[in-house]
Each structure stands twice: as C-alpha cells, then as structure tokens.
Amino acid sequence: MAEIDELVGECQIAFLTAADQNERLLTMRGLFNITITPFKAEGAFDYAGLARNIERVIGLGFDGILIGGTYGEFPAMSGEERAGLFLRVMDIVGDSVPVMLCSADSDVRVVRELTTLAGDIGGLPMVTAPFVSEVTDAQIVAFFRDMVPLSRTGVLVYNAPGIGITLSPQTLAQLADISGVVGVKQGDLSPTAIDQIANRIGGRIRLFCASDLAFLGPMMCGFDGTSSTNSCALPELILATYRALEAGDAAAARDLHRLWYPLRALARQFGQPQTTKAAMNLRGFDGGSVRPPLRDLEAANVKDIARVLSDLATDQRSSVALAA
C-alpha cells in the first residue's frame, strides 16, 4: 500500500509516546460506538457525515469508538481506503477517547500493514483469526504471535464467529498469555463461553461484548465493556442503558433495553448495517448508503423502521427524538 505514507503526510496525526499509549489503554473500557461508514449513493466516503457522527457520540459521553469493523463495511473497502479512513478518524478524534481500528482481512499482508499503521497513529488494532479454511488452533496462536509485535499499542483479538471461525475459551486463554494482547472482543455470546472467558482471563486483559443485542449478561459476568452498532441510531437510549448497568441498576438497564427490542427484531430481519443506516437517516443523522454487495433497504422496510422510531419517540424514557 504505497499510498499510506502520502496519506500520513496529509493528516495531522499526533504520534503517541509509549507512556501516552499505555495511559490510553488503561481507559480502554466502557461503551464503544461501532461507527458505521457513511457512503454516498455512488459509493464515495462521506467524511463530513462521518465526522458529525463521531462528534455526536463523543459529545454524549461514549467511552470510545470502533472504526472499520464488520458493520463498518471493511470487506467492501480497499486496503488504501481503510488506511485513509484510519487516518481521517484519528484526525477527528485526537486524544478525546480510545479508538479501536479493525485491521482484519483475508490477506495477511493487509493485516500486517493496517495493524502497524493503527498502532503507529495511536489506535488499538482489532484483529480476527485468519480467514483460512481448516486453520488449526496452533496456527491461529502463531498468527497472533506474528501480528502483535507489529503494533505499538498491542492488539485486540476479535472472536468473530461470522467469519466461520469461533475461538474457544481455551484458545483465548492461550492468546491472553501473549504479551501485547490487550483484550478480546467476544462474539460468541453463549452462556458457557461467556462464563469461562470471564473467569479464566477476566482481569488479565480487557473483555468486550461484541453485540449490543444481548450485552447485559456478559457485563453482569464481569466484562469490561461492549461495542454497539445500534447506538449509531439510538445513542441516547443505549448509553442510558449501559450507564444504568454500570451504576448497578440492573432493573433499569433491563427495562431500557426492552424498549428497543422492536428495532433489534427488524435488524435481525433486514440485516446490518442497512437497518442502522436507515434509522439514522430517519433521525436526521448521517447514515448514508451501503456499498455492494449490500443493498439499501426498500421503502417498505424503511417504513417499518419509521414506525418503530415513532413509537420510541412517544416514550419519554427513550430520549429518542425524530428529525424535524
């Protein structure tokens, strides 16, 4: 990716010292917004809209953001586009909150370059297991041993069953022993896996729940935080839910979480990030479009989402307001 040096020169990135990086990692906990990537209808990046979305959640008090993940549509971007996205985001965020930067890819060469870049500019690279059929646990551990030293800030392991590989609690315990692995974003939310992970590696590295659809259980088991795509569309409600749970008010968190079940149901039916982007657009946020192979939702689906948002707006507990 020869264009990376040129991109670095165009962005005013303040490279962190080792002490600054360690201090930032100590704050790597809480609610992270999985920021969608707003594309224009023809597929170009809407960087102005991206900045507004980031500034909104930071202004509301989110603890961090995650950029270029699965719901950020990284598989639909080139390596150069992803590098440019990393740099622009770090320009926007500065030192206000920690930033996870997804450097996963099916091409290990791209993983190497993006992981190195992410660490150099002060983000925490998030890496999945390699996308290889029939890869063994030993090969996965060796892969992470190769990747971790490339980043000045360490690596966040993303256990992402969606890629066809689910890391067992036993394998995650081995990865936690690697110096420089600072956390796990856990996508397998089965109760047995959560219980084993929380009790085997909790306290040694950071544990993040990968889904806002069912984060109450992992947080009650001792996880350090969660990441949320739907908070792009419902930032006030999901933040209030998380803060209630953080304050020890599980009943309030449960009741707030129940409020937006209808949107979760539609997201499961229509797919992500299309549903979140449609909801954002309805609220006057910068959701934009998706890139192929995804498709924007049809008008009938958008009407279903509009009805859910209208119902939420009539409930004062939700803090959701519709666009004027």
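The values are calculated or read from the model by the stated rules, or taken from the named source; none is laboratory data. What you see is a predicted model; the values in this text were computed from it and never measured. Cβ coordinates were reconstructed from backbone atoms using ideal geometry, including for glycine residues, and neighbour counts include every protein chain displayed. Surface accessibility is based on the protein's heavy atoms, side chains included, excluding ligands, DNA and RNA. Shrake-Rupley method; radii C 1.70, N 1.55, O 1.52, S 1.80 Å.
Sequentially through segment 59-73, phi angles give Karplus couplings (6.51, -1.76, 1.60; θ = phi - 60°) of x, 6, x, 4, 7, x, 9, 10, 10, x, x, 4, 7, x, 6 Hz, Gly and Pro residues having no value and appearing as x. Which shape class, rounded, prolate or oblate, goes with segment 243-310 when its Cα gyration tensor gives a ≥ b ≥ c as root eigenvalues, a/c under 1.5 marks rounded, and past that a/b bigger than b/c marks prolate? Since a/c reaches 1.5 and a/b is larger than b/c, the shape of segment 243-310 is classed as prolate.
Taking a ≥ b ≥ c as the square roots of the eigenvalues of the Cα gyration tensor, segment 220-279 is prolate, since a/c reaches 1.5 or more and a/b is larger than b/c.
Here the 3J(HN,Hα) profile of segment 305-310, calculated from phi with Karplus coefficients 6.51, -1.76 and 1.60 at θ = phi - 60°, is 5, 4, 5, 5, 5, 5 Hz, Gly and Pro shown as x. Taking amide H as placed 1.01 Å from N in the peptide plane, Thr128 has its amide H under 5 Å from the amide H of Ala104, Asp105, Tyr158, each at least 5 places away in sequence or on another chain. For a paramagnetic label modelled at 7 Å from the Cα of Gln170 toward its Cβ, which residues of segment 183-208 fall within the zone defined by backbone nitrogen distances under 13 Å? None, by backbone N distance to the label point. Distance between the modelled labels on Ser96 and Arg52, one decimal in nanometres: 1.5 nm (7 Å Cα→Cβ projection). Across segment 78-122, the residues whose backbone nitrogen lies under 17 Å from the label position 7 Å along the beta-carbon direction of Ala142 are 108-109. Judged by the gyration tensor of its Cα atoms, with axes a ≥ b ≥ c, segment 160-237 is prolate; a/c meets the 1.5 cut and a/b is the larger of a/b and b/c. Loop-located trypsin sites (Lys or Arg not before Pro) across segment 217-324 with a Cβ neighbour count of 16 or fewer within 10 Å are Arg295, Arg317, with loop assigned by DSSP.
For the peptides 203-214, 65-76, residues were scored by their other Cβ atoms within 10 Å and the scores averaged per peptide; the highest-first order is 65-76, 203-214. Taking amide H atoms as placed 1.01 Å from N in the peptide plane, the amide H of Gly30 lies under 5 Å from those of Gly225, Thr226, each 5 or more residues away in sequence or on another chain.
Here Lys40 is the anchor, and the lysines within straight C-alpha reach of less than 22 Å, apart from those fewer than 8 places off in the same chain, are Lys277, Lys303. Across all C-alpha atoms in segment 73-121, the radius of gyration and Dmax reach 10.6, 32 Å. Nonpolar atom fraction for segment 172-213, defined as the carbon and sulfur part of the 1.4 Å probe accessible area, stands at 43 percent.
Here the Karplus curve 6.51 cos²θ - 1.76 cosθ + 1.60, taken at θ = phi - 60°, turns the phi angles of segment 274-285 into couplings of 4, 5, 5, 5, 5, 5, 4, 4, 5, 8, x, 8 Hz, with x standing for Gly and Pro.
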